[in-house]
1. Taking the options S154, S116, S92, S138, name whichever one is touching a Ser or Thr at 6+ places or on another chain (Cβ under 8 Å), buried (at least 19 other Cβ atoms within 10 Å of the Cβ) and within 26 Å of A16 (Cβ to Cβ).
2. Please work out which one of (1) surrounded by 21 or more Cβ atoms within 10 Å (Cβ to Cβ); (2) of a type outside the set (G, A, S); (3) in contact with a strand residue (DSSP E or B) (Cβ under 8 Å, 6 or more places away or on another chain) is the condition T19 fails and give its number.
3. Among all residue pairs at least 6 apart or on different chains, which show Cβ distances below 8 Å where the first residue, located in region 6-34, is of a type in the set (D, E) and the second is surrounded by 22 or more Cβ atoms within 10 Å (Cβ to Cβ) and not in a loop (DSSP other than H, G, I, E, B)?
4. Looking at S101, is it among the hydroxyl-bearing types (S, T, Y), at pLDDT 95 or above and under 22 Å from K235 (Cα atoms)?
5. If I go through region 93-143 residue by residue, how many of them are farther than 21 Å from K68 by Cβ, assigned to a helix (DSSP H, G or I), under 18 Å from the mean Cα position of the chain (by Cα) and not polar (S, T, N, Q)?
6. With the requirement that a residue be under 19 Å from Q37 (Cα atoms) and among the hydroxyl-bearing types (S, T, Y), what does region 51-97 give you?
7. Scan (1) buried (at least 22 other Cβ atoms within 10 Å of the Cβ); (2) touching a helix residue (DSSP H, G or I) at 6+ places or on another chain (Cβ under 6 Å) for the single condition V69 breaks and write down its number.
8. From the list S138, S131, S175, exactly one residue is of a type in the set (S, T, N, Q) and either farther than 14 Å from V84 by Cα or out of contact with any helix residue (DSSP H, G or I) (no Cβ under 9 Å at 6 or more places or on another chain) (or both). Which is it?
Amino acid sequence: MTYALITGASKGIGKAIATELAKRGNNILLIARNADQLAASSKEIMDSYKVDCQYIPLDLSENNAPDKVIAWCSEHQFNVNILVNNAGYGLSGSFMNYDMSTYQNMMQVNMSTPLSLILRFVPLLKQQPKSYILNIASSASYQAVPGLAIYAASKAFVLRMSRGIRYELRNTSVSVTVVNPGPTDTNFANRADIKSEKAIRAAEKLNMKADVVAKMAVDGMYAGKAEVVTGLINKIGAFLTIILPKSILEKGAGSLYGV
């Protein structure tokens, strides 16, 4: 029996990916901080799709969280063939608004924990006939974003890491896909404390549903794609970051986020 393990799986894109994978017959392992939300999501998935769905509440900003994940899987003999690094969050406004400890927590969740989980799971994933790593980055990964500067940089790390690791694993059973969603109907804006009305209104106009993003992500993963950009507008935006001068892109983003 194999399982798909999803971080940040109690709501938003993470929960939608877990649901999409369960629809396709995968057993599910959920990881997030909120035990009550995890319990509700686990029951919903098992009742709806008749697959096994287990969960463990963890704060992925803790340095030893990946060790706890591995220990949990080992103790219960969960054979993971899909690893989804979805957990992540942003911090908005001037980069001087936050201290280093706050940034370290975000970078731990967005960068260090995904890398640590990959390092621990790849030897196990290689033992499967076919296995997958699905990393969730962001459309912000394609450029510097004043007002979301450190978040965008952390997602650029996820994008470049994913493509590099994918190439290194090209002759193994492990396929790596990175997904770059744009504005999605989740709690991101509240968690990031985005105060710019201009940015909030722009996001609302472009918001995609989490289940639509999840289906695109899972389709891309199973198709073995290196990179998925969700939605036509986001694809156009990614293309513009290639052809437009960086100064214009940064000025536009800064204006949007009011910095």
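The values are calculated or read from the model by the stated rules, or taken from the named source; none is laboratory data. Bear in mind the structure is a predicted one, so any value in this text is a computation, not a measurement. Methodologically, a virtual Cβ is constructed for each residue, glycine included, from the backbone with ideal geometry; neighbour enumeration extends over all protein chains shown.
1. Result of the check over S154, S116, S92, S138: S92.
2. (3)
3. Once the first residue is of a type in the set (D, E) and sits in region 6-34, its partners that are surrounded by 22 or more Cβ atoms within 10 Å (Cβ to Cβ) and not in a loop (DSSP other than H, G, I, E, B) give E20/A214; E20/A217; E20/V218.
4. no
5. So the count comes out to 3.
6. Y55, S61, Y89 - these are the residues of region 51-97 that are under 19 Å from Q37 (Cα atoms) and among the hydroxyl-bearing types (S, T, Y).
7. Looking at each condition in turn, V69 falls short on (2).
8. That would be S138, the only listed residue that is of a type in the set (S, T, N, Q) and either farther than 14 Å from V84 by Cα or out of contact with any helix residue (DSSP H, G or I) (no Cβ under 9 Å at 6 or more places or on another chain) (or both).
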